[in-house]
Each structure stands twice: as structure tokens, then as C-alpha cells.
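Everything below concerns the one structure shown next.
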Amino acid sequence: MLTRGVLVAIDIGNTNVTLGLFDGAVLRHRFRFESARNRTSDEYAVLVRQLLELEGVDRSKITGAIVASVVPTLTDTIGQLCQRAFGLAPMVVGPGTRTGVSILIDNPREVGADRIVNAVAAHDRVIRSGDGESGVVVVDFGTATTFDVVSRKGEYVGGVICPGILISADALFARAAKLPRVEVARPPRAIGKNTLHAMQSGLFFGYVALVDGMVARLRAEAQYPLRCLATGGLANLIAGESSAIEEVDDDLTLVGLRLLHERNAGHH
């Protein structure tokens, strides 16, 4: 049951748009749909209204909206969707947003909004766990696989960008004439006895090794302990085998958006 004062948090990624409804600090509903760049704001508004009706959500209870986007062409479209569906102009995460996170890289404007949002949520999570001595690395299994390092003071100190698992799988299929398209899944063993299992081994165990090796390297470079959180589509699959990933939080980006909305209330 939704009370008054519901926040809509929208994360626009390259592959999917994720929309969450927060009742206070509680995420009540989460919806995911394709990031279709040719879809109009009217079409998105119809889609979102239908999704909310399906869950019995009263749109009149929605009093705030915040958007993080890595797809510039969709930012305005989703902004118009908020106007059409909720009668709200959303807060859009950008250079003017009060994040509470210092961005210690060469050009702070280069960092994707989603990565800053994840950094905010991950640091908050570590602090609330009572561990004030550790920084955190967030591994986000999205279209790209990204690693974002947050210091124990809550500073965004930099990160790593790798091709995503599905991009790698698609590239193998597209560029190697005799290799089939395969599902990303854990094969029976690392030494593949057929082409399917050999490819799955490369994708699955290869990415587990990439994650564990990269996190070990990041921990060696940092001057403080680094916790490791994972989020994104294939996080649970990889985390089951990874020795580096300590926790998976599918809703990390949405939680970060809620925190940013709280920090910017009254400044919007």
C-alpha cells in the first residue's frame, strides 16, 4: 500500500530503462523496459501508465521524480514522460547535482551519471554497515562491465571500463564464422569438451577471472581496504563463482537515486 509522497527513480541505461517507486526508503515496485531510442515520450507514457495500472499504483501519490541517464537522446524523452504520466519535471543527475561525493578524476564531467549514483549508494551502504575504515569498489554488469572505486572518505577516485559479457558473446558470434550464439551460463567445467561449453567457459570463467583479477589489482593500488559490491544484469551469475564479490545489490542504482533526491530536495 503506497502512502503519499512516492518518488519515481529512473535509471536510463544503454540496454534497459529501470523505473523504481520508493515509498519513503522502501522500494515498492521496480519495472524494466527496453531503451528504445526511437520510441516517443507519448509511447513511453502509455507503457508506464499500463505498467503502473497493472500493479494498482495510484499515480496521484507520486510527488517526486529523479532521472540518471547515459543515453542523451533518451534523457529529454523520459523527462517528457514524467510530465505526461506524473505531471512532474524530474530532477536530472548532472554536473549541478549535490552528490556529497568528490569526483577525483581528470575531467569529472566524463563520468557517467549511473557510476556516480552507484558510488553514492555503495558508500552509504558501507557506512551504514558500521565499516568506516573501508572504501568500496562497485562492479556493474551492464552493457559495459564497469569497476568504480570509492575511497573511505566517500570520494570517487576512478575506475575501469571493460566490454560487457553480452557484448563479448555477440562479438564472438558476429566475427567468428563457425561459432554459434550461446547463452551466458556456467558450464560443467573449465575445460570445454565441445564448442558450446568451450565458449561458455571463456565467457563465464573468463569474466570471473577478470573480476577477481581486477578487484585484486584495485585493492593492491588502494591505500585502504576495499569492499566489493556488484550490481547489474549478470551480477548474481558471476558472483556465485567470484571470490572478490562480497554482496550483490540489484537495486543499487535506484537506491543511489533516492539518496540523491533526498540530498537535493529544496535545491532543485
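Below are the figures for this structure:
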quantity: Length released on extending from Cys162 to Ala265, taking residue separation times 0.36 nm less the Cα-Cα span; calculated: 33.6 nm
quantity: FRET efficiency, Asp106 to Asp250 (Cβ-Cβ, R0 35 Å, nearest 0.05); calculated: 0.65
quantity: Region 168-205-region 89-109 distance, computed between alpha-carbon centres (Å); calculated: 39
quantity: Under 19 Å from the Cα of Lys193 - lysines, other chains or at least 8 residues apart; calculated: Lys178
quantity: Rounded FRET efficiency, nearest 0.05, which uses the C-beta distance separating Arg128 from Ala89 and R0 of 25 Å; calculated: 0.25
quantity: Equivalent ellipsoid semi-axes, region 108-255, via Cα gyration tensor eigenvalues times 5, rooted, Å; calculated: 30, 16, 13
quantity: Efficiency of FRET between Arg217 and Arg181 - r from beta-carbon atoms, R0 35 angstrom, step 0.05; calculated: 0.65
quantity: Computed over the chain: relative contact order in percent, which uses C-alpha pairs under 8 Å that are six or more apart; calculated: 17
quantity: Value of D in µm² per second that Stokes-Einstein yields for region 6-92, Kirkwood Rh from Cα pairs, at 25 °C (0.890 mPa s); calculated: 194
quantity: Residues in region 230-266 reached by a label modelled at Ala209 [backbone nitrogen below 19 Å; 7 Å Cα→Cβ]; calculated: 238-245
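Readers should treat all values here as calculations from the given coordinates under stated rules, not as data from a laboratory. The model shown is predicted, which means the values in this text are computed figures rather than measured ones. Don't worry about glycine lacking a Cβ; one is built from the backbone with ideal geometry, like all the others, and counts go over all protein chains shown.
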